[in-house]
Amino acid sequence: MAIRVKLRQLLEQKGISQRELARLTGLRASTINHLCSDNVDRIYLETLELVCKTLNVRIEELIEID
């Protein structure tokens with residue numbers, strides 16, 4: 001099972017930079033950068049929830065499970 005995080009695409013669609021999302025969520029910029037990379041190996045549920053609430057998206061819009 002592979003999980004793909006589509007954060008980079010969502011940020012582009014909403015016109016929000018990684019730095020701005022880090023500021024809005026209080027997460028470290030390196031955490032946001034990691035979630036935008038193609039090599040996400042683990043994600044905390046609290047982080048996903050915070051990103052979803054901040055971007056006003058459902059989790060199904062943020063992650064894709066193969």
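Please work out which one of (1) surrounded by fewer than 16 Cβ atoms within 10 Å (Cβ to Cβ); (2) touching a helix residue (DSSP H, G or I) at 6+ places or on another chain (Cβ under 9 Å) is the condition residue 45 fails and give its number.
(2)
Yes or no: segment 16-30 includes at least one residue that is surrounded by 12 or more Cβ atoms within 10 Å (Cβ to Cβ) and under 19 Å from residue 66 (Cα atoms).
no
Quick one: residue 55 ticks every box in (1) at pLDDT 95 or above; (2) open to solvent by 40 Å² or more (accessible area, probe 1.4 Å) bar one, so which box is it?
Evaluating residue 55 over (1) at pLDDT 95 or above; (2) open to solvent by 40 Å² or more (accessible area, probe 1.4 Å) leaves (2) as the failure.
Check segment 4-15 and report whether any residue there is among the basic types (Lys, Arg), in a helix (DSSP H, G or I) and exposed (fewer than 12 other Cβ atoms within 10 Å of the Cβ).
Step one: filter segment 4-15 for residues among the basic types (Lys, Arg), giving 4, 6, 8, 14.
Now restrict to residues that are in a helix (DSSP H, G or I): 8, 14.
This time we only want the ones that are exposed (fewer than 12 other Cβ atoms within 10 Å of the Cβ), so: none.
Within segment 4-15 (the criterion being among the basic types (Lys, Arg), in a helix (DSSP H, G or I) and exposed (fewer than 12 other Cβ atoms within 10 Å of the Cβ)), the answer is no, since none of the residues qualifies.
Considering only segment 21-66, state which residues are assigned to a helix (DSSP H, G or I), of a type in the set (D, E, K, R) and free of Cβ contacts under 8 Å to residues at least 24 places away in the same chain.
Answer for segment 21-66, where residues must be assigned to a helix (DSSP H, G or I), of a type in the set (D, E, K, R) and free of Cβ contacts under 8 Å to residues at least 24 places away in the same chain: 23, 46, 49, 53, 60.
The values are calculated or read from the model by the stated rules, or taken from the named source; none is laboratory data. This structure is a prediction, so every number in the text was calculated from the model and none was measured. When we count neighbours, we look across all protein chains shown, and the Cβ atoms used for this are built from the backbone with ideal geometry, even at glycine. With ligands, DNA and RNA removed, areas are computed over all heavy atoms of the protein, side chains included. Shrake-Rupley method; radii C 1.70, N 1.55, O 1.52, S 1.80 Å.
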